[in-house]
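Read through the structure below, which is laid out as structure tokens, and then see the notes.
The values are calculated or read from the model by the stated rules, or taken from the named source; none is laboratory data. Quantities reported herein were computed from a predicted structural model and do not represent experimental measurements. So basically every Cβ, Gly included, is an ideal-geometry build from the backbone, and we count neighbours across all protein chains shown. Side chains included, ligands, DNA and RNA excluded: accessible areas come from the protein's heavy atoms. Shrake-Rupley method; radii C 1.70, N 1.55, O 1.52, S 1.80 Å.
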Amino acid sequence: MREPGKNFDNLLPQETPPEVERMGLTWLIAAAIATILLWQVPGGDYILYPFTILATWFHEMGHGLMALLLGGQFQKLEIFSSGSGVATYRIALSLGPIGPGLVAAAGPMGPPIAGAALILASQSFKTASLSLKILGGFLLLSTLVWVRSPFGFVAIPVLGLIILGIALKAPRWVQGLSVQFLGVQACVSTYHQLDYLFSYSAGNLGLSDTAQMQKYLLLPYWFWGGLMAIASLVILARSLQVTYR
């Protein structure tokens, strides 16, 4: 029975009982830790397979969208069944070394920033639902505009449709929990391949993201790897703190 004058459908996390807040926050922190650890062990990519693909999408979209924001081109996105991916882009030469350095950093750092936005959006059911619709819609849009690999043509729209289904059909508490969980996954996607942050080479693709940052922004690649690993956790912690304060 509804209490007169009170809309329970629009309760913010701050208005929920303290014990419920603690359970939700504990679950999210545990999910973040478990995800990071599983990605570091053999077979972990396949245990977390949908989130591995989503992490790759976040990472490569970070590169491509930063190139677009800086006046360049985002040409195509390829995602493979192994969980790896490649973003092909061109960078505006007028920016000098800053442009390539920022585009390299946007792969690991774009997702935590987007993830923090999702977590903060969960403070009301209206913004949580809207965020899920935007994320699901953008997964579908990216398939049409940039995805150019057969596996990506299947996997990315499937993820997008699942997220849209949650936004349109799931109870509001499920939507709030889902947008927070997806935000956490985006934040910790920096750790999808932790060793990659501290690698100079990306194999056949040439320099790693951190090595490119060393090339264009000076300072050694391991410094940038450590800085981004720490920054991702700080961004996650701060966004959870603001949401559950």
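The amide H of VAL147, built 1.01 Å from its N in the peptide plane, has LEU77 as neighbours under 5 Å, considering only residues 5 or more places off or on other chains. Under 5 Å between amide hydrogens, built in the peptide plane, is the criterion, and for GLY72 it picks out ALA92 among residues at least 5 positions away or on other chains. The angle between the Cα long axis of helix 125-145 and the main principal axis of the chain comes to about 30°, on a 0 to 90 degree scale.
Using helices alone, what [θ] at 222 nm do you get for the chain, with -39,500 (n - 2.57) per DSSP H run of 4 or more residues, divided over all residues and rounded to the nearest 500? Could you put the intermediate results ahead of the total?
On the way: 10 runs with 166 residues, N = 245.
After summing the helix terms and dividing by residue count, I get -22500 deg cm²/dmol.
Peptide packing: for 219-230, 185-196, the average count of neighbouring Cβ atoms within 10 Å per residue gives the ranking 185-196, 219-230, highest mean first.
Counting pairs of alpha carbon atoms under 8 Å apart in space and at least six apart in sequence, what relative contact order in percent does the chain give? Working shown, then result.
Details: 383 pairs, mean separation 60.0, N = 245.
Averaging sequence separation for qualifying contacts and normalising by length gives 24 percent for the chain.
What does the extension gain come out to for TYR200 and LEU95, with contour length at 0.36 nm per residue minus their alpha carbon separation?
Here the answer is 35.4 nm.
Less than 5 angstrom separates the built amide H of TYR89 from those of GLN75, all sequence-distant by 5 or more or on a different chain.
Just to confirm, what accessible area per residue do you get for the chain at 1.4 Å probe, in whole Å²? It would help to have the intermediate numbers written out before the result.
Details: 12380 Å² over 245 residues.
In whole numbers, the chain has 51 Å² accessible per residue.
How big is the charge dipole of the stretch 24-168 about its Cα centre, in debye rounded to the nearest 20, if each Lys and Arg gets +1 on its Cβ and each Asp and Glu gets -1 on its Cβ?
Numbers: 5 positive and 3 negative charges, 57 e Å.
Charge dipole of the stretch 24-168: 280 debye, to the nearest 20.
Spatial offset of the stretch 41-99 relative to the stretch 192-215 amounts to 13 Å, using the alpha carbon center of each. Across the stretch 218-224, coupling constants 3J(HN,Hα) worked out from phi with the 6.51/-1.76/1.60 Karplus curve, θ = phi - 60°, read 6, 6, x, 4, 5, 5, 5 Hz, and Gly and Pro carry x. Probe radius 1.4 Å, ligands and nucleic acids ignored: give me the carbon and sulfur share of the accessible area of the chain as a rounded percent. Percent of accessible area from carbon and sulfur atoms in the chain: 70. Checking (1) 1.05; (2) 1.19; (3) 1.88 against Cα Rg over 2.2 N^0.38 Å calculated from these atoms, the matching label is (1). With both labels modelled 7 Å from their Cα along Cα-to-Cβ, the ILE162 to LEU233 distance reads 2.8 nm.
For the stretch 109-212, trypsin sites (Lys or Arg not before Pro) are listed when DSSP marks them as loop and at most 12 other Cβ atoms sit within 10 Å of their Cβ; the list is empty.
Length gained on full extension, LEU25 to LEU140: 38.4 nm, using 0.36 nm per residue less the C-alpha separation.
So, R0 is 22 Å and r is the distance between the beta-carbons of THR88 and LYS133; what FRET efficiency does that work out to, to 0.05?
Details: r = 28 Å, r/R0 = 1.28.
The calculated FRET efficiency here is 0.20.
Number of Lys-Lys pairs in the chain with C-alpha atoms under 25 Å apart and a separation of 8 or more places or on different chains: 6.
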